[in-house]
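What follows is a short report on a single structure.
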Amino acid sequence: MYAFSTGSLALIVGASLSAAAAMAHLACIVIGAPAYRFMGAGERMARAVDAGQLRPTLVTLAVTGVLLAWAAFALSAAGVVEPLPLTKVALVAISTVYLGRAVAFPLIKPIFPENSNTFWLVSSGICGLIGLVHAYGTVSLWRTL
């Protein structure tokens, strides 16, 4: 049995969290407007879903795809799946985006005034946690990537 390092384990956890976030986004598509409202996406997005517009689904699928790609890069670096090209660069970018999203929410919040304060605090906390886990794993495995 292969013993994973703490860096590998961190990236496996990070990948799992990214995949869970992707599944939460897919759940919004399946459940519909109530899920968008519950997740704090804003009333405009929920109304667009209620109106049968395609845009919310496309945006949500795009976010889902990005999150799943990020999970794949983390699993690649952890040695769970085959190596992917540019993994080192990707992990730095992934960590930066998650951490940036966590701390920049006061700057982003005015662009999306319909999103609730709860949405911003919870999603920013989650992004911060996922970003820290990715950053720890990336730093820990830096020489082997």
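All of the numbers you see were taken from the coordinates with simple rules; none came from a lab. Since the model is a prediction, treat every value here as computed from it, not as a measurement. FYI the Cβ positions are ideal-geometry reconstructions off the backbone, even for glycines, and counts take in every protein chain you see.
Here are some notes:
- Checklist (1) surrounded by fewer than 16 Cβ atoms within 10 Å (Cβ to Cβ); (2) part of a helix (DSSP H, G or I); (3) in contact with a Gly (Cβ under 8 Å, 6 or more places away or on another chain); (4) not aromatic (Phe, Trp, Tyr) applied to Glu114, failing item: (2)
- Qualifying positions in the range 1-42 - more than 26 Å from Thr57 (Cβ to Cβ) and either touching a residue at least 12 places away in the same chain (Cβ under 8 Å) or touching a strand residue (DSSP E or B) at 6+ places or on another chain (Cβ under 9 Å) (or both): Tyr2, Phe4, Ser5, Thr6, Gly7, Ser8, Leu9, Ala10, Leu11, Ile12, Val13, Gly14
Here's the yes/no breakdown for (1) touching a residue at least 60 places away in the same chain (Cβ under 8 Å); (2) in a helix (DSSP H, G or I); (3) under 15 Å from the mean Cα position of the chain (by Cα):
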{"position": "Ala72", "(1), (2), (3)": "no, yes, yes"}
{"position": "Pro83", "(1), (2), (3)": "no, no, no"}
{"position": "Val89", "(1), (2), (3)": "no, yes, no"}
{"position": "Val92", "(1), (2), (3)": "no, yes, yes"}
{"position": "Thr118", "(1), (2), (3)": "yes, yes, no"}
{"position": "Ile130", "(1), (2), (3)": "yes, yes, yes"}
{"position": "Val133", "(1), (2), (3)": "yes, yes, yes"}
{"position": "Leu141", "(1), (2), (3)": "yes, yes, no"}
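- Exclusive hit being over 17 Å from the mean Cα position of the chain (by Cα), over 18 Å from Val13 (Cβ atoms) and of a type outside the set (Phe, Trp, Tyr), set Leu61, Leu54: Leu54
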